[in-house]
Each structure stands twice: as structure tokens, then as C-alpha cells.
1. Once both axes come from the Cα atoms, what is the angle between helix 72-88 and the longest principal axis of the chain, in degrees from 0 to 90, rounded to 10?
2. Phe28: net charge of surrounding residues, Cβ under 10 Å, Lys/Arg +1, Asp/Glu -1, itself excluded?
3. Can you list the lysines whose alpha carbon sits under 29 Å from that of Lys73, skipping same-chain ones fewer than 8 residues off?
4. If each DSSP helix of 4+ residues adds -39,500 (n - 2.57) and the sum is divided by the residues in the chain, what number results at 222 nm, nearest 500 deg cm²/dmol?
5. What's the FRET efficiency of Asn25 with Ala45 using the Cβ-Cβ distance as r and R₀ = 35 Å, to the nearest 0.05?
6. Probe radius 1.4 Å, ligands and nucleic acids ignored: give me the carbon and sulfur share of the accessible area of the chain as a rounded percent.
7. Under a 10 Å cutoff between Cα atoms, tell me which one of Asp72, Asp95, Asp108 has the largest fluctuation in the Gaussian network model of the chain.
8. Would you please give the FRET efficiency between Thr9 and Phe52, computed as 1/(1 + (r/R0)^6) with r the Cβ-Cβ distance and R0 = 30 Å, to the nearest 0.05?
Amino acid sequence: AAKAAIDMTTPVLMKVTPGAGPNCNSTFIVSFYVPNKYQQSGPPAPTNPDVFIQTISPLSVAVNEFGGFATDKEEIAKAAALSQQVAASKAVKADPAAGDSWWKAGYDPPFRVTNRHNEVWVEVLPTD
């Protein structure tokens, strides 16, 4: 597709892979949903080398939802609590090799002050 401006879509996903040690950097991959208009033809090619097009396969996730303007510290705490709930349940993490990776899903524009919706996700194996 030719160069085009694409309106913001939701959810905005961020996959967080914590660093291996206390002084190691975490890895963050931010993903934007491609509007239906580009689902068949593909979105316009990125012009920045740090931007890439990736298909995220369907996921089964455990979800912890909460409101407000979430801080990094709050999101990490919510993700850790969710991981503990998953470990204590019959659910099984989808990829144990992924370590403590988790997803953040944001549904609101930054200017929305009230009724904000945030989620953290932990990938689990699908249940039958």
C-alpha cells in the first residue's frame, strides 16, 4: 500500500519481557492493530527501520483489568499478581521459556481523564 496516515486503533498492545537480572534492561514491543481496510492488502510499508509489520497469532490470555491512569509500577504489580494467580490455578503458561513476559493492553487515548480501561495479560494454553 502507498504512504498513508492511519488513525489510532485500540487496543495498543505492549509486550514486556523483563531483563534477566536486576541491572538488565527489559524489552518492550509496542503493537498497533491494523485497521480492516489493510487486513488483506497489508499496511503501508514502514519508513522507520525500528518499525516492522508482524502478525500476532490468536492468543489465549488470563486478564487482569483495572481503571485509572496506570503507572509502570502499578502495571508491573498487576502483571505479577496475575502471574501468581495463573500459577495457583489450573491454567498453564503458554510458553514457560518466555519467562515472566506479559502484555499490557491500553484502550484509551491519553486525553481521556475518566472511565479508563487498562488490562495486563499473561499468555496461557487454551482450554478445551
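The values are calculated or read from the model by the stated rules, or taken from the named source; none is laboratory data. It should be emphasised that the depicted structure is a prediction, and the values quoted were computed from it without experimental measurement. Because the Cβ atoms are built from the backbone with ideal geometry, glycine has one as well, and the counts that use them run over all protein chains shown. Note: accessible area is taken over every heavy atom of the protein model, side chains too, but ligands, DNA and RNA are not part of it. Shrake-Rupley method; radii C 1.70, N 1.55, O 1.52, S 1.80 Å.
1. Value to nearest ten degrees: 60.
2. +2
3. Straight-distance partners of Lys73: Lys15, Lys90, Lys93, Lys104.
4. Result for the chain, helices only: -4500 deg cm²/dmol.
5. Result of the calculation: an efficiency of 0.80.
6. Roughly 55 percent, rounded to a whole number.
7. Most flexible of the set in this elastic network: Asp72.
8. Between Thr9 and Phe52 the formula returns 0.95.
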